[in-house]
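Below is one structure, written out as structure tokens, with a few remarks after it.
The values are calculated or read from the model by the stated rules, or taken from the named source; none is laboratory data. Remember, predicted model here, so these are calculated numbers, not experimental data. Note: ideal-geometry Cβ built from the backbone for every residue, glycine included; neighbour counts use all protein chains shown.
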Amino acid sequence: MTIRVLLVDDQALLRQGFRMILDHEPDIEVVGEAGDGEAAVESAATCEPDVVLMDIRMPVIDGVEATRRIVSADPAVRVLILTTFDLDEYAFGALRAGASGFMLKDVPPEQLAAGIRTVASGDAVVSPRITRRLLDECAHLLEAPDPGETDEGVAAMTKLTDREKEVLVAVADGLSNAEIGQRLFVSEATVKSHVGRILGKLGLRDRVQAVVYAFQTGIVRPESRR
């Protein structure tokens with residue numbers, strides 16, 4: 001199966017560079033380009049990409065709003081954010097808007113292609129370590145209430161088993177599946193199964209959304225992680 005990719009960046013040279021890299025991948029096809037957020041939304045509707053490589057800071061509308069509009073119009077489209085800095089409040093905003101992860105613009109070509117394949121398969125491209133750093137730096141953006149105080153948070157906690165709640169908290173703490181397994185004394189495969197059930201019960205797409213959800217609903221508070 002060929003992965004259809006839309007390139008979005010306000011710098012034409014960068015788009016050309018990404019296209020040159022991706023043109024060498026037999027399972028990836030660049031189906032369109034856009035130089036601003038508004039054009040990205042329009043192109044996503046006409047090109048029907050599987051993955052959108054999205055810049056953050058662009059004219060007309062930024063990458064965060066473009067991501068929100070694209071994902072709202074078609075939840076099947078995966079957005080992979082391209083950013084200059086790994087600790088970027090705008091990148092975090094894009095994750096909240098529905099992006100499936102982010103990568104640095106100077107990422108090696110093989111990692112860029114791997115990231116595209118990962119989000120196209122339905123997984124997220126934000127390493128646990130980077131998730132942890134992002135949340136530490138950007139926790140003030142979440143304005144989380146007390147744990148479980150929101151209606152959504154209460155409902156979520158009733159859906160999950162005690163073990164699944166433990167796994168969700170560990171995911172929100174930025175732990176990998178292997179680290180969660182060590183913490184809870186279970187296998188990595190068991191953790192993966194728990195994560196899958198959590199996503200299904202809460203209607204989430206990937207572990208990045210699970211982390212954001214845990215904080216936004218008050219299931220986990222930023223200061224509790226210190």
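Applying the set (1) assigned to a loop (DSSP other than H, G, I, E, B); (2) buried (at least 22 other Cβ atoms within 10 Å of the Cβ) to F102 leaves exactly one unmet item: (1). Within segment 102-139, if we keep just the residues that are at pLDDT below 85 and of a type in the set (G, A, S), the residue that is nearest to the chain's Cα centre (by Cα) turns out to be A124.
For segment 55-68, the condition holds for no residue, the condition being that it is free of Cβ contacts under 8 Å to residues at least 24 places away in the same chain and either crowded, with 20+ Cβ neighbours inside 10 Å or closer than 23 Å to V107 by Cβ (or both). Helices (runs of 4 or more DSSP H) fully within segment 160-226 that include at least 1 residues being among the aromatic types (F, W, Y) and under 18 Å from the mean Cα position of the chain (by Cα): 207-216. Sub-8 Å Cβ pairs linking a first residue in segment 184-202 that is closer than 13 Å to A170 by Cβ to a second residue that is not in a helix (DSSP H, G or I), at least 6 apart or interchain, are I198/L160; I198/L204, ordered by first then second residue.
Rundown of residues vs (1) surrounded by 21 or more Cβ atoms within 10 Å (Cβ to Cβ); (2) in contact with a Phe, Trp or Tyr (Cβ under 6 Å, 6 or more places away or on another chain); (3) not assigned by TED's automatic domain parsing to the domain that holds M157; (4) not basic (K, R), yes/no style:
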site: S176; (1), (2), (3), (4): no, no, no, yes
site: A189; (1), (2), (3), (4): no, no, no, yes
site: K192; (1), (2), (3), (4): no, no, no, no
site: R207; (1), (2), (3), (4): yes, no, no, no
site: A214; (1), (2), (3), (4): yes, no, no, yes
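Filtering G35, G63 for residues that are assigned by TED's automatic domain parsing to the domain that holds F92, within 26 Å of E89 (Cβ to Cβ) and more than 21 Å from the chain's Cα centre (by Cα) leaves a single hit, G35. Among residues of segment 1-15 that are farther than 16 Å from V60 by Cα, those with a beta-carbon under 7 Å from a residue that is polar (S, T, N, Q) and surrounded by 15 or more Cβ atoms within 10 Å (Cβ to Cβ) at least six positions away or on a different chain give the pairs L6/S43. Is there a residue in segment 11-25 that is in contact with a Leu (Cβ under 7 Å, 6 or more places away or on another chain), surrounded by 19 or more Cβ atoms within 10 Å (Cβ to Cβ), outside any helix (DSSP H, G or I) and not charged (D, E, K, R)? No, segment 11-25 contains no residue that is in contact with a Leu (Cβ under 7 Å, 6 or more places away or on another chain), surrounded by 19 or more Cβ atoms within 10 Å (Cβ to Cβ), outside any helix (DSSP H, G or I) and not charged (D, E, K, R). Within segment 26-68, the set of residues being of a type in the set (V, I, T) and under 19 Å from R4 (Cβ atoms) comprises I28, V30, V31, V41, T46, V51, V52, T67. Selection of segment 33-49 for residues being surrounded by fewer than 20 Cβ atoms within 10 Å (Cβ to Cβ) and of a type outside the set (A, V, I, L, M, F, W, C) yields G35, D36, E38, E42, T46, E48.
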